[in-house]
Amino acid sequence: MKNTKLVLGLAVIAIGFTACKDEKTEQAKGKVDNYVMYVDSLSNVAAEDTKDNWMEIESEFKLKSAEAEAALADMADDAEAKARIEASRVKYETMRANLEKMRAEALAAMPVNQKQQMRNALFGEGKVGDDMSFVWVNKNNILNVYQQFVDTVESNKDAYSREDWDEVKLMYEALDSRKNTVEKEGLTSADNNKIAGLKLKFAPMYTLNRMGAKTSEMKSAKE
C-alpha cells in the first residue's frame, strides 16, 4: 500500500513537472514569435514613419530581442528557434542600413548652413532642423541627448563666437522645454538627477565663455 502511494506521489510530481516544463516552453515560443512578428511588422511601416520613430523602434527591438534570446534557454536551445531569431536580426539590420542610407542621401542633398552644422554636432545629423522640433527626444534617450550636448559644447567652447553661443543657448532652452514634457511621461529620478548635474555644468560654462567671446570680439574690433 505504501509503495503504491509512493508511486502515485512520484507520478503526480512527474506530471506536474512536465506540465510546468511544457508551460515554460510555450511561453518561450511565444516570446520568439513576438520577436519575429515585430520585425516582420516593421516591413509594413512607411519609410518616413520608420525614420521619424526610429529611437522608439530600436528600444522596442532591443527589448524583444533580449526576451527572445533568453527564451532559448527554456527551449533547450531549439535550433529552429535560434535560426528564426537570427533571420529576424539580419532583416532588422538590413532595414537599419537602408534607413541610414536614406537619411544620408537626404542630408547630402540639403545645403548645410553654419547653424545646421552646429545643430548636427550638438544633437546628431539631421535631428534638429529649422522647425526646432524635439519630439524625437523621449524618456529613454533624453539623458544621452543632454550628455552629447554638454560634451560637444565643452569640446568647442574655445572656438565658439558670441553668435555661436547665442545659438547654443537657443538650443539649450528648446531642449529644456522638451524636458518639461518628458518628465510627465515617466522620466526616472536617476536620469533626472544626472541631467540636473549636466545643467549645473553647462550654466557657468555658457556664462563665462560667452562673456569671453564678446570681450575678444570687441578687442578685435578696436584693433
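The values are calculated or read from the model by the stated rules, or taken from the named source; none is laboratory data. Predicted model only: the values in this text are computed from it and were never measured. Here Cβ is always computed from backbone atoms with ideal geometry, including for glycine, and neighbour counts include all displayed protein chains. Please note that ligands, DNA and RNA were not included when accessible areas were found on the heavy atoms of the full protein model with its side chains. Shrake-Rupley method; radii C 1.70, N 1.55, O 1.52, S 1.80 Å.
Residue 120: in contact (Cβ under 8 Å) with a residue 60 or more places away in the chain and under 30 Å from residue 60 (Cα atoms), yes or no?
no
Are any of the residues in segment 70-89 of a type outside the set (A, V, I, L, M, F, W, C), open to solvent by less than 70 Å² (accessible area, probe 1.4 Å), touching a Phe, Trp or Tyr at 6+ places or on another chain (Cβ under 8 Å) and part of a helix (DSSP H, G or I)?
yes
Scan segment 118-143 for residues that are under 19 Å from residue 188 (Cβ atoms) and either surrounded by fewer than 13 Cβ atoms within 10 Å (Cβ to Cβ) or touching a Gly at 6+ places or on another chain (Cβ under 9 Å) (or both) and jot them down.
Within segment 118-143, 139 is the sole residue that qualifies.
Every residue in segment 186-202 that is free of Cβ contacts under 8 Å to residues at least 12 places away in the same chain and open to solvent by less than 80 Å² (accessible area, probe 1.4 Å), please.
Hits for segment 186-202 are 190, 192, 196, 197.
Suppose we filter segment 161-180 for residues that are open to solvent by less than 60 Å² (accessible area, probe 1.4 Å) and either closer than 14 Å to residue 120 by Cβ or at pLDDT 90 or above (or both); how many remain?
11
Of all residues in segment 1-33, which are open to solvent by 80 Å² or more (accessible area, probe 1.4 Å) and either closer than 30 Å to residue 87 by Cα or at pLDDT 70 or above (or both)?
Selection gives 21, 22, 23, 24, 26, 27, 29, 31.
Kindly indicate whether residue 205 is of a type in the set (A, V, I, L, M), assigned to a loop (DSSP other than H, G, I, E, B) and either surrounded by fewer than 18 Cβ atoms within 10 Å (Cβ to Cβ) or at pLDDT 95 or above (or both). Give the derivation first.
Values: of a type in the set (A, V, I, L, M): yes; assigned to a loop (DSSP other than H, G, I, E, B): no; either surrounded by fewer than 18 Cβ atoms within 10 Å (Cβ to Cβ) or at pLDDT 95 or above (or both): yes.
No; evaluated as a whole, the condition is false for this residue.
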